[in-house]
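Student: Questions regarding the structure given below will be posed in turn.
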Amino acid sequence: MSLRFNSSFSDLPTTIFEVMSGLARTHKAINLGQGFPDSQGPEALRRLACDGLMTGSNQYPPMLGIPALRAAVADHYAAHQGLVLSPDHVLVTSGATEALAASFLALLSPGDEVIVLDPAYDAYRPLIARAGGIAKTITLRPPHWHLELAEIEAAITNKTRAIVLNNPMNPTGRSFSRAELMGLANICQDHDLVAICDEVWEHVRLTDQIHVSLYGLPGMAERTVKIGSAGKMFGVTGWKVGFVCAEPDIAKVIGKAHQFLTFTTPPHLQAAVAQALGWDKAWYDEEAQGYQAAYHVLRSGLQEQGFHVLNSEATYFMCLDLQQSGIDRPALEFCLEAVESYGVAAIPLQSFYEKPEEAPPIIRLCFAKQEAVLRDAIGRLAQARRAMVT
Ligand code: PMP
Ligand code: GLN
């Protein structure tokens with residue numbers, strides 16, 4: 001039998017996160033690759049989900065999300081980011097990944113161009129391609145990863161329909177400034193573009209800088225799709241509860257795509273997230289402080305061992321420049337050797353680039369781990385560096 005596959009999937013590599021987590025399991029390595037905390041998430045949240053599972057409905061919830069969660073998302077963003085949203089602006093999805101897929105499917109027509117900023121989260125390009133879109137890449141440069149507004153504007157053609165903005169940005173840890181975002185908002189309005197804003201890292205903040213959502217900037221509500229993820233807000237990445245916020249007319253059409261992707265998301269998880277979104281701001285601040293402490297442990301430990309660490313402002317991630325750390329190896333080679341011989345998994349930044357061969361020799365580490373684990377990882381990475389340094 002000659003089975004034919006769709007080449008846009010059969011030619012795809014397996015995502016680097018799965019590959020590195022698999023290698024970490026095989027080699028019993030410390031996994032600083034795929035982004036997830038090594039804790040179970042807040043007990044209170046898990047209890048709410050348990051209660052919902054035992055006493056709530058286990059049948060299909062409404063397609064757009066349970067009313068309590070749609071209202072809670074709107075209220076949460078009003079309280080934390082000053083956004084003006086109603087439950088009709090909110091669609092609940094199975095993670096941010098589904099929110100992205102549904103947004104591309106609903107907003108793009110074949111041949112539409114979409115601006116993507118490299119290093120880009122690995123799901124964007126394949127999902128845009130499946131929706132018939134054509135990704136046009138603008139590459140941000142280390143160490144500051146500034147939004148290259150002039151380059152973005154120069155890449156716009158009469159086919160450009162949208163831009164994907166990941167803010168705060170995985171893998172760079174960059175949180176874009178209000179000035180950069182205002183510049184981008186002007187470009188979107190001047191060229192009639194939709195901004196698809198992946199803001200899953202909005203609460204994982206490492207500095208006092210507040211999160212600015214493009215959605216809240218003047219003139220942007222009508223052309224912005226804001227995507228969030230409870231997995232990141234509450235450190236429960238396996239839950240896959242995401243949300244889309246957009247003008248009701250836009251949200252409704254994205255909902256039409258969502259209805260044939262997953263249709264719904266488990267009701268007990270939705271109900272638990274609805275409650276947790278209303279927790280005090282102090283809870284969110286404390287959570288962020290925990291990540292800040294972990295970031296500083298890994299950052300200072302690696303710096304003491306001669307690693308060149310790039311600055312992160314948000315996310316679970318920190319980048320190391322291998323070349324400036326005295327290691328003359330391609331990032332993938334380093335990562336394979338680190339996991340196989342030194343017992344630490346990391347992610348090579350090349351996996352986030354359209355042209356991996358042009359990526360800088362940088363690796364990404366996830367610091368959302370217990371202090372003892374981070375200290376063990378520092379020792380192992382230091383050993384790797386000593387063996388490889390030129
Ligand atoms: N976007 C970005 C930038 C991410 O880093 C991730 C996962 N960490 C996702 C989307 C996917 O989120 P979810 O697990 O909610 O699908
Ligand atoms: N977003 C996570 C990361 O960047 C991984 C998500 C996944 O494995 N699909 O590490």
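Student: Place a label point 7 angstrom from the Cα of residue 153 along the Cα-to-Cβ direction, then list the residues of region 205-230 whose backbone nitrogen is under 19 Å away.
Tutor: 218-220
Student: Still on this model: Go through 45-56, 108-119 and give me the packing order, highest mean Cβ count within 10 Å leading. Spell out each step's value before the answer.
Tutor: Working: 45-56: 15.7, 108-119: 19.6.
With the highest mean Cβ count within 10 Å placed first, the list reads 108-119, 45-56.
Student: Evaluate the charge dipole of the chain about its Cα centre and quote only its size in Debye, nearest 20, assuming +1 on the Cβ of each Lys and Arg and -1 on the Cβ of each Asp and Glu. Intermediate values should be presented prior to the final figure.
Tutor: Values: 31 positive and 41 negative charges, 148 e Å.
Here the size comes out at about 720 debye.
Student: Quote the relative contact order of the chain in percent (integer), defining contacts as alpha-carbon pairs under 8 Å separated by 6+ residues. Please report the intermediate quantities before stating the final value.
Tutor: On the way: 771 pairs, mean separation 95.6, N = 390.
Value for the chain: 25 percent.
Student: For region 201-270, what does the accessible surface come to per residue with a 1.4 Å probe? Please give it in Å². Intermediate values should be presented prior to the final figure.
Tutor: On the way: 2450 Å² over 70 residues.
In whole numbers, region 201-270 has 35 Å² accessible per residue.
Student: What whole-number value in Å² describes the accessible area per residue of region 15-64 for a 1.4 Å probe? Walk me through the intermediate numbers first.
Tutor: Numbers: 3010 Å² over 50 residues.
Computed with neighbouring chains in place, this is 60 Å² per residue.
Student: Subtract the Cα-Cα distance of residue 303 and residue 208 from 0.36 nm times their separation in residues, and report this length gain in nm to one decimal.
Tutor: 32.0 nm
Student: Of the accessible area of the chain, with the probe set at 1.4 angstrom, what percent is carbon plus sulfur? Intermediate values should be presented prior to the final figure.
Tutor: On the way: 8610 of 16680 Å².
Solvent-exposed carbon and sulfur of the chain make up 52 percent of the total.
Student: Okay, moving on. Hey, what number do you get for the chain at 222 nm if only DSSP H runs of n ≥ 4 count, each worth -39500 (n - 2.57), divided across all residues, to the nearest 500?
Tutor: On the way: 14 runs with 160 residues, N = 390.
Per the formula, -12500 deg cm²/dmol.
Student: Next question, about the same structure. For a quick check, take a GNM of the chain with Cα springs below 10 Å and name the residue from 89, 211, 146 with the largest mean-square fluctuation.
Tutor: 146
Student: At a Förster distance of 35 Å, what's the computed FRET efficiency of residue 333 paired with residue 177, Cβ-Cβ distance as r, to 0.05? Before the final figure, lay out each step's value.
Tutor: Details: r = 35 Å, r/R0 = 0.99.
Step by step, r from the Cβ atoms, then E = 0.50.
Student: When the chain is modelled as a GNM with alpha-carbon springs shorter than 10 Å, which of 285, 208, 38 fluctuates the most?
Tutor: Comparing 285, 208, 38 in the GNM, the peak value goes to 208.
Student: Between residue 134 and residue 191, with labels modelled 7 Å along Cα→Cβ, what's the label distance in nm to one decimal, could you check?
Tutor: A separation of 1.4 nm, rounded to one decimal place.
Student: For region 316-375, report the accessible area per residue in Å² (1.4 Å probe, heavy atoms, rounded to an integer). Please report the intermediate quantities before stating the final value.
Tutor: Details: 2230 Å² over 60 residues.
It amounts to 37 Å² per residue over region 316-375.
Student: Here's another thing I want to ask about it. So how far apart, in nm, are the two label points at residue 222 and residue 280 if each is 7 Å from Cα heading toward Cβ?
Tutor: For residue 222 paired with residue 280, the spin-label model returns 4.1 nm.
Student: Could you compute the FRET efficiency for residue 355 and residue 43, with r as their C-beta to C-beta distance and R0 at 35 Å, rounded to 0.05? Intermediate values should be presented prior to the final figure.
Tutor: Values: r = 45 Å, r/R0 = 1.28.
It comes to 0.20.
Student: May I ask you to derive the relative contact order of region 262-345, considering only C-alpha pairs under 8 Å and at least 6 residues apart, and to give it as an integer percent? Walk me through the numbers on the way to the answer.
Tutor: Values: 41 pairs, mean separation 11.7, N = 84.
Here the relative contact order equals 14 percent.
Student: How far is it, in nm, from the label point at residue 144 to the one at residue 256 when both lie 7 Å from their Cα along the line to the Cβ?
Tutor: Taking the two extended label points, one gets 4.4 nm.
The values are calculated or read from the model by the stated rules, or taken from the named source; none is laboratory data. What you are looking at is a predicted structure, and each value in this text was computed from that prediction instead of being measured. Positions of Cβ are generated from backbone atoms using ideal geometry, with glycine treated the same way; all protein chains shown enter the neighbour counts. With ligands, DNA and RNA removed, areas are computed over all heavy atoms of the protein, side chains included. Shrake-Rupley method; radii C 1.70, N 1.55, O 1.52, S 1.80 Å.
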